[in-house]
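Okay, so here's the structure we're looking at.
The values are calculated or read from the model by the stated rules, or taken from the named source; none is laboratory data. Keep in mind that what you see is a predicted model, and the values were worked out from it rather than measured. Here the Cβ positions follow ideal geometry from the backbone for every residue, glycine too, while neighbour counts run over all protein chains shown.
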Amino acid sequence: MPDRDLLSLWEEVTLLSIWELKDNAYGVAIRKSISRKTGRFISYGNLYFLLAQVTRKGFALKNEGDPTPLRGGRRKYFYTLTEKGKKALRTSYEFQTCLWRGVKKPVFD
């Protein structure tokens, strides 16, 4: 399996969050999802770096939402997975499943 087909852990968590959030995948919601999944604080700087990275690599698309009065006329940017992103997540899942196959209960001494 070529390295370019494997996602980094943070890319994987980001794409998984986008996939789970569906039509509600925008910055704040993605950040909350990532923090919930990892138990770690993620800054907006790191979040937007990750989102730019998965977008640049063709795993996700960034779409502009409509401006809303609640946000002072500012727009939200929503993210969706591309087919390439879905394939990368499937590959990552299959890789992890194969990696741990046959391991009963890992004990790390």
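With the requirement that a residue be out of contact with any strand residue (DSSP E or B) (no Cβ under 9 Å at 6 or more places or on another chain) and within 15 Å of GLU11 (Cβ to Cβ), what does the stretch 41-51 give you?
Once the filter is applied, which keeps residues that are out of contact with any strand residue (DSSP E or B) (no Cβ under 9 Å at 6 or more places or on another chain) and within 15 Å of GLU11 (Cβ to Cβ), the stretch 41-51 yields ILE42, ASN46, LEU47, TYR48, PHE49, LEU50.
Would you mind stating whether LEU51 is surrounded by 14 or more Cβ atoms within 10 Å (Cβ to Cβ) and either of a type in the set (A, V, I, L, M, F, W, C) or in a loop (DSSP other than H, G, I, E, B) (or both)?
Yes: the conditions hold for LEU51.
Pairs needed: first member in the stretch 12-37, on the phi < 0 side of the Ramachandran plot; second member anywhere, in a strand (DSSP E or B) and modelled with pLDDT under 95; C-beta distance under 7 Å; at least 6 residues apart or different chains.
TYR26/TYR77; GLY27/TYR77
Among (1) of a type in the set (D, E, K, R); (2) at positive phi; (3) in contact with a Lys or Arg (Cβ under 9 Å, 6 or more places away or on another chain), where does LYS57 come up short?
(2)
What number of residues within the stretch 8-22 are at pLDDT below 95 and closer than 15 Å to ARG90 by Cβ?
0
State whether one or more residues within the stretch 61-77 are crowded, with 19+ Cβ neighbours inside 10 Å and either assigned to a helix (DSSP H, G or I) or touching a Phe, Trp or Tyr at 6+ places or on another chain (Cβ under 7 Å) (or both).
Restricting attention to the stretch 61-77, the residues satisfying the condition of being crowded, with 19+ Cβ neighbours inside 10 Å are none.
Within the stretch 61-77, none of the residues are crowded, with 19+ Cβ neighbours inside 10 Å and either assigned to a helix (DSSP H, G or I) or touching a Phe, Trp or Tyr at 6+ places or on another chain (Cβ under 7 Å) (or both).
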